[in-house]
Amino acid sequence: VYKRQLHNRYYGKTMRNAVRKLRSTTDKAEATAMYPGVTKMLDKLAKVNIIHKNKASNLKSKLAIYINKLA
């Protein structure tokens with residue numbers, strides 16, 4: 001396994017875990033606080049092609065909808 005592949009895999013996994021953590025949050029204030037950090041991570045990964053820019057946009061959109069639905 002190559003160095004860059006390991007790097008990409010690590011950041012992809014970290015991003016997925018961050019998204020999972022936000023989705024499992026039931027407190028709106030906590031989720032709202034986490035959202036900018038997750039968004040920043042998604043944008044950075046899309047910028048360097050670890051994930052596709054449309055995937056980043058779709059995830060950000062879904063997370064925003066999820067946060068807005070929280071009581």
Using the structure shown, select from Lys28/Lys53; Lys13/Lys55; Lys13/Lys53; Lys3/Lys44; Lys47/Lys69; Lys28/Lys60 the pairs with a Cα to Cα distance greater than 21 angstrom. Lys28/Lys53; Lys47/Lys69
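Using the Kirkwood radius over C-alpha pairs as Rh, can you work out the diffusion coefficient of the chain via Stokes-Einstein at 4 °C, viscosity 1.567 mPa s, in µm² per second? Walk me through the numbers on the way to the answer.
On the way: Rh = 12.6 Å.
It comes out at roughly 103 µm²/s.
Students sometimes get this wrong: rank Met41, Met15 by accessible area, probe 1.4 Å, all chains present, largest first.
Details: Met41 60, Met15 5 Å².
Descending accessible area places them as Met41, Met15.
How far, in nm, would the chain grow between Arg16 and Lys55 when pulled straight, counting 0.36 nm per residue and subtracting the alpha carbon separation?
Numbers: separation 39, 0.36 × 39 = 14.04 nm, distance 1.19 nm.
Extra length from Arg16 to Lys55 when fully extended: 12.9 nm.
Which order do Leu42, Leu70 take by accessible area at a 1.4 Å probe, largest first?
On the way: Leu42 0, Leu70 25 Å².
Correct descending sequence by accessible area is Leu70, Leu42.
For every helix of n ≥ 4 consecutive DSSP H residues, a contribution of -39,500 (n - 2.57) applies; sum these over the chain, divide by its total residues, and give [θ] at 222 nm rounded to the nearest 500 deg cm²/dmol.
-28500 deg cm²/dmol
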How many percent of the accessible area of the chain is carbon or sulfur, using a 1.4 Å probe? 56
Hey, what angle do you get for helix 53-69 against the long axis of the chain, alpha-carbon based, 0 to 90 degrees rounded to 10? 20
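The values are calculated or read from the model by the stated rules, or taken from the named source; none is laboratory data. These numbers come from a predicted model, not from an experiment. To get the accessible areas, we keep the full protein, side chains included, count just its heavy atoms, and leave off ligands, DNA and RNA. Shrake-Rupley method; radii C 1.70, N 1.55, O 1.52, S 1.80 Å.
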